[in-house]
Amino acid sequence: VIIAPAPQLARLAADAVERVVRPGEVNGHRPVIGLATGSSPLAVYDELVRRHTEEGLSFAGVTAFMLDEYVGLPADHPERYRNVIEKEIASRIDIDPADVHGPDGLAEDIPAACAAYEQAILDAGGVDVQILGIGTDGHIAFNEPGSSLASRTRIKTLTRQTREDNARFFGGDIDQVPQHCLTQGLATIMSARHLVLLATGKGKAEAVHQLTEGPVSAMWPATILQHHPHVTVLVDDAAAGRL
Ligand code: GLP
C-alpha cells in the first residue's frame, strides 16, 4: 500500500504500465495491459498520454483488455465503456484500435461472447499489468458483493448502489443506467501478473480498509486481492482514512 497525493499515485501507476510496455515483448508475448473505466484511472491515462507525446512512449504492438462493459448500450453511446476507453486513452496514443478488446455488451449469445473473451486473454498471453479502481461497496470491475471468488467473465446484475454511484455519468438519472453488465470475473482479474489498484477520496475509505485489512470475503470482492502475489494499492490520504 502506498499513500500519496493523487498526482503521485497516477505517476506510480503509469510507471507500472511503462515497465511492461517499454521493453516490447515480455515473457514471449507482446505486452498486454488491462484497462479500467471509472474516474480513478483517468489521471493515469493522462500521464500515459503525456509520456507518449512528450517522451515517445509507444503503445504500438501492445494489446489491451478492458475489465467490463454495460449490456445493451447502443454502439455509439458515450457511456459505453468501449467508447469511454477510446476517448480517454486509446485514441490519444498509438495503440492499434484492433488491439483494444472489451467484452461485447451487444452480443446475441452472451455466454459465448464471455467465453471467447476469456480465450482471447489467454491467447494474448495473459494480462501483464492490470489497472483497477474499486467501488464504494468493494467491487472490482463489476464484481459486486456476493460474486464468486472463482468467477470468470460473465453477465452480472448491477447493484442499486453501483447504479446510484454511476448515475452521474448518465445525467444523474439512475433509470438511464443499465441493469446488467459483462465483467471479467475475480479469477480472471487474479490471473493478471501485476494488479495496480487506485482509490482516492473518503468515499473509498471503507472499501480500502476491507481490501487491505478485512477478512477475504465475497461480500467485499476486492479482498480476494490479498491472495495475489503482486498487488500495488495506491491511495490518497482520504481513502487511507480507515487504515
Ligand atoms: C465502475 C467500474 C469499476 C470502477 C468503479 C469505481 O463501477 N466498473 O471498474 O472501479 O466504477 O469508479 P470510480 O473510479 O469512478 O470511483
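Read-outs: derived from the displayed coordinates by stated rules, not from any lab. Computed from a prediction, not measured in an experiment: that's the story for all the values here. For neighbour counting, all protein chains shown are included, and Cβ atoms are generated from backbone atoms with ideal geometry for every residue, glycine included.
Using Cα centres only, tell me the gap between region 167-183 and region 49-77 in whole Å.
That distance is 21 Å.
Near the amide H of ALA239, under 5 Å away, which other amide H atoms are found, from residues 5 or more places off or on another chain, if H is placed in the peptide plane?
GLY201
Can you give the Kirkwood hydrodynamic radius of region 97-237 from its Cα pairs, in Å with one decimal?
One over the average 1/r among Cα pairs gives 15.8 Å for region 97-237.
Say a paramagnetic label sat at a point 7 Å from the Cα of SER39, along Cα to Cβ; which residues of region 50-74 have their backbone N under 18 Å from it?
Within reach of a label on SER39: no residues.
Under the rule a/c < 1.5 gives rounded, and otherwise a/b versus b/c splits prolate from oblate, where does the chain land using the Cα gyration tensor?
Here the chain falls in the rounded category.
Taking a ≥ b ≥ c as the square roots of the Cα gyration tensor eigenvalues, with a/c under 1.5 meaning rounded and otherwise prolate when a/b beats b/c, else oblate, which class fits region 155-214?
In terms of gyration-tensor shape, oblate.
Taking the Cα centre of the chain as origin, sum charge times position over the Cβ atoms of Lys and Arg (+1) and Asp and Glu (-1), and report the length of that vector in debye to the nearest 20.
Using Cβ point charges on Lys, Arg, Asp and Glu, the chain gives about 480 debye.
Apply the a/c threshold of 1.5 to the C-alpha gyration tensor of region 1-79 and tell me whether it is rounded, prolate or oblate.
Cα axes put region 1-79 in the oblate bin.
When the helix-only estimate is applied to the chain (DSSP H runs of n ≥ 4, each -39,500 (n - 2.57), divided by the residue count), what is the mean residue ellipticity at 222 nm, nearest 500 deg cm²/dmol?
Computed mean residue ellipticity for the chain: -9000 deg cm²/dmol.
Do you know the relative contact order of region 143-243, to the nearest whole percent, from alpha carbon pairs under 8 angstrom that are 6+ apart?
Dividing the mean separation by the residue count of region 143-243 yields 32 percent.
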